[in-house]
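These notes are about the structure you will find just below.
The values are calculated or read from the model by the stated rules, or taken from the named source; none is laboratory data. Note that the structure is a prediction, hence the values are computed from the model and not measured. Heads up, the Cβs are rebuilt from the backbone with ideal geometry, glycines too, and the neighbour counts pull from every protein chain shown.
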Amino acid sequence: MDDHSTAPPSLHHNPSSPQKSLQSRPRRQSPRTDQPKGHRSPHPPDDPSDFTTLEAEIATALTRLSTDLTTLRAGPRSLPTLLSNLRIAPLKSSPTTTVKLTDLAQVIPKQNRTIHVLVNESPHLKPIVTAIQTTPLLNPPLNPQPDPSGQNPLLLVLAIPPPTAETRRLAVGEAGKLGERAGVAIREARARQQRKIRGLGVSKLARPDDLKKAGTGMEKVVERGMGEVKRVVEGVKKGLEGG
């Protein structure tokens, strides 16, 4: 062996060796995996002061209340719309299948407190007459009559009677009942919102101060809704009592 041959440099002691250089580089940060999966959520926790659902349910209750109260004040101008939206069951074999009256007939307002209903086909005459006579939405009730001239068997004539003291009294009472029903719907919406807030507290997803603030805000939303119910109902009652 040649004595002048040199041995390969030691990688362990060579400061410029590639291995030492690689070891001196900062390591790339890897995603943390030491957090328990049960404590990580892909979505942020619910906001206890989010009243979107509560407000939507209150708005629905108020809309239904206004629609139902309109029927108590039904006169020559509002009756055509009310009649047009009556639900009719045209088939005896399927009493739960209903359509709007305007799908089966035409509603034609006339002068002298009269409305004509022109039915498209004779099989629909009886279901339409029954629906008009029995609906609780009409106050006072209407009793469809056939064409007095006898010329058109598909024509129904509705005479709108003037309101009486008795019908006004009944309508005022019905307005109160409709207001109570709207109040129940709002209180039920409040209960659902309250359960949500309590759930966030039990789950420790919201701070006590935030939960308290949410409870106060919820009561204000409900108070406004109940105040609107009272305002609308009282306005209708005054209109009914005044004729």
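In table form, for the structure just shown:
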| item | result |
| --- | --- |
| Residues of the stretch 64-96 satisfying the condition of being at pLDDT below 85 and farther than 22 Å from Ala171 by Cβ | Pro90, Leu91, Lys92, Ser93, Ser94, Pro95, Thr96 |
| Enumeration of residues in the stretch 83-122 that are under 16 Å from Pro146 (Cα atoms), within 31 Å of the chain's Cα centre (by Cα) and of a type in the set (Val, Ile, Thr) | Val107 |
| Residue match in the stretch 102-119 (condition: within 22 Å of Glu241 (Cα to Cα), of a type outside the set (Phe, Trp, Tyr) and either touching a helix residue (DSSP H, G or I) at 6+ places or on another chain (Cβ under 9 Å) or surrounded by 14 or more Cβ atoms within 10 Å (Cβ to Cβ) (or both)) | yes |
| Within the stretch 97-116, considering residues that are among the hydroxyl-bearing types (Ser, Thr, Tyr) and assigned to a loop (DSSP other than H, G, I, E, B), the one modelled with the lowest pLDDT | Thr97 |
| Check on Pro161, within 29 Å of Thr98 (Cα to Cα) and in contact with a Ser or Thr (Cβ under 9 Å, 6 or more places away or on another chain) | yes |
| The stretch 189-221, residues that are hydroxyl-bearing (Ser, Thr, Tyr) and assigned to a helix (DSSP H, G or I) | Thr216 |
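For every residue, the table says whether it meets (1) over 16 Å from Ser66 (Cβ atoms); (2) surrounded by fewer than 18 Cβ atoms within 10 Å (Cβ to Cβ).
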site: Pro140; (1), (2): yes, yes
site: Pro144; (1), (2): yes, no
site: Ser149; (1), (2): yes, yes
site: Leu155; (1), (2): yes, no
site: Arg169; (1), (2): yes, yes
site: Glu174; (1), (2): no, no
